[in-house]
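Notes to accompany the following structure.
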Amino acid sequence: MEESAARVLELGVILVLATGAGWVARRAGLPAVVGYLCVGLLVSPFTPGYTANREQLQTMADIGVVLLLFEVGIEIDPLRLRREQGALLWAVPLQTVAAAALGAGTGALLGLGVRGALLLGLAVSLSSSVVVVNITRSRRRTTNAATDRALLSWSVMQDIAGVAIAMGLLASLDTGRPLPLTAAGIVAFAGVAAGAAVLLPRVLRRLRGEHDLFLMLSISSGLVLAGLGAVAFGVPLALAAFVSGLAVAEGPDAAEARRRLLPFRDVFAVLFFVAIGTLIDPAAVPRALGWLAAVLGLVVVAKVGVVYALARLLRLPEVRPWQLAVGLGQVGEFSFVLGSIGTARGVIPPELYTALLAAVVLTIALSTVVVRLPARMAES
């Protein structure tokens with residue numbers, strides 16, 4: 001009981017600190033995410049003072065990722081996406097491959113081996129779906145509805161394309177799961193999700209008048225499907241959560257499920273950003289400055305530049321190309337997962353892993369601030 005009480009106390013204190021840091025960040029004109037990252041750094045093992053329980057924090061952060069991507073899956077209508085933004089179906093994979101190729105080429109020039117260069121390229125090519133969701137939900141956002149939809153659709157399809165590429169890369173790193181088995185797992189999970197898409201909406205419809213049961217089933221179905229996809233079928237947790245949301249989206253009560261999920265999503269999302277902050281070792285950053293400059297340069301050129309060029313070429317109705325490109329201009333959470341695997345397998349140096357972690361923090365902060373500027377500048 002005492003151990004449980006201590007963990008509850010720790011979690012409560014972290015949320016209080018995050019609330020204060022988020023308030024200060026917003027008063028300074030920055031997104032609250034920056035404050036959450038700073039709290040993570042404050043309670044990390046790399047700074048003096050108290051060290052938070054990383055295992056507990058990571059579990060809560062994973063739940064936040066699941067609920068965020070589950071909600072995105074509920075909101076996105078695949079038929080409307082194909083009808084209104086069908087060009088993204090080929091543009092996003094093209095962007096992902098182009099950015100990965102540019103990043104891999106740069107990594108090779110900087111002395112990485114083939115697998116290390118490919119890992120760097122893939123890490124740079126992927127954005128953060130969690131951050132994109134927060135950009136489109138921010139009270140201070142200046143993006144319009146069309147740009148918000150394009151951001152969400154682009155980031156989700158980017159994850160799908162990135163997972164497809166990562167399957168081959170991770171198989172080459174001997175992570176214990178052969179490529180055919182991984183592909184079969186994704187197909188099998190798609191079948192399970194299709195079955196849930198038939199069953200879940202019917203059950204939710206019967207429970208709509210019973211608010212507590214409706215809420216519990218909405219949350220539990222997302223967690224169960226996402227966890228099942230990751231544990232039983234080897235599907236990345238974020239992608240499994242998104243597919244689970246699509247299953248709920250097939251029913252008429254999808255909007256109600258999403259509305260009731262929002263408070264839980266927001267609390268757990270805070271812990272996700274705090275968890276990222278705990279990974280940064282400030283003492284290791286000076287040794288990684290060269291790699292950090294390379295990663296940041298690749299994000300600007302290989303991702304922001306490529307997305308902007310494609311958005312201008314596609315001429316998506318009412319979508320603002322600059323805001324779309326900047327909104328996707330961060331290193332995603334999947335990147336430090338790839339970085340940790342690459343470091344463990346010895347295909348990238350520790351300095352590059354540190355650079356990827358630092359780039360996650362810097363690009364999240366920059367993209368969430370700069371994405372607001374174009375509309376303000378246009379009005380002035």
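The values are calculated or read from the model by the stated rules, or taken from the named source; none is laboratory data. As the structure is a computational prediction, the values presented were derived from the model and not from experiment. As a convention, Cβ positions derive from the backbone with ideal geometry for all residues, glycine included, and neighbour counts pool all protein chains shown. For accessibility, only protein heavy atoms count, side chains too; no ligands or nucleic acids. Shrake-Rupley method; radii C 1.70, N 1.55, O 1.52, S 1.80 Å.
Among residues of region 134-151 being of a type in the set (S, T, N, Q) and part of a loop (DSSP other than H, G, I, E, B), the one that is surrounded by the most Cβ atoms within 10 Å (Cβ to Cβ) is T143. So for region 88-108 (the condition being at pLDDT below 90 and outside any helix (DSSP H, G or I)), does at least one residue qualify? Within region 88-108 (the criterion being at pLDDT below 90 and outside any helix (DSSP H, G or I)), the answer is no, since none of the residues qualifies. Taken over region 29-41, the criterion of being under 13 Å from I276 (Cβ atoms) and in contact (Cβ under 8 Å) with a residue 40 or more places away in the chain is satisfied by V33, V34, Y36, L37, C38, V39, G40, L41.
The residue that is modelled with the lowest pLDDT, among those in region 109-133 that are crowded, with 19+ Cβ neighbours inside 10 Å and part of a loop (DSSP other than H, G, I, E, B), is S128. Output yes when any residue across region 6-13 is among the charged types (D, E, K, R), part of a helix (DSSP H, G or I) and modelled with pLDDT of 85 or more, and no when none is. Within region 6-13, one or more residues are among the charged types (D, E, K, R), part of a helix (DSSP H, G or I) and modelled with pLDDT of 85 or more. Picking from V319, V235, V295, V299, which residue would you name as being within 23 Å of S125 (Cβ to Cβ), open to solvent by less than 10 Å² (accessible area, probe 1.4 Å) and either outside any helix (DSSP H, G or I) or touching a strand residue (DSSP E or B) at 6+ places or on another chain (Cβ under 8 Å) (or both)? Result: V235 is the single residue among V319, V235, V295, V299 that is within 23 Å of S125 (Cβ to Cβ), open to solvent by less than 10 Å² (accessible area, probe 1.4 Å) and either outside any helix (DSSP H, G or I) or touching a strand residue (DSSP E or B) at 6+ places or on another chain (Cβ under 8 Å) (or both). Screening the candidates G346, G332, G327, G342 for the property of being open to solvent by 10 Å² or more (accessible area, probe 1.4 Å) and not hydroxyl-bearing (S, T, Y) yields one hit, G346.
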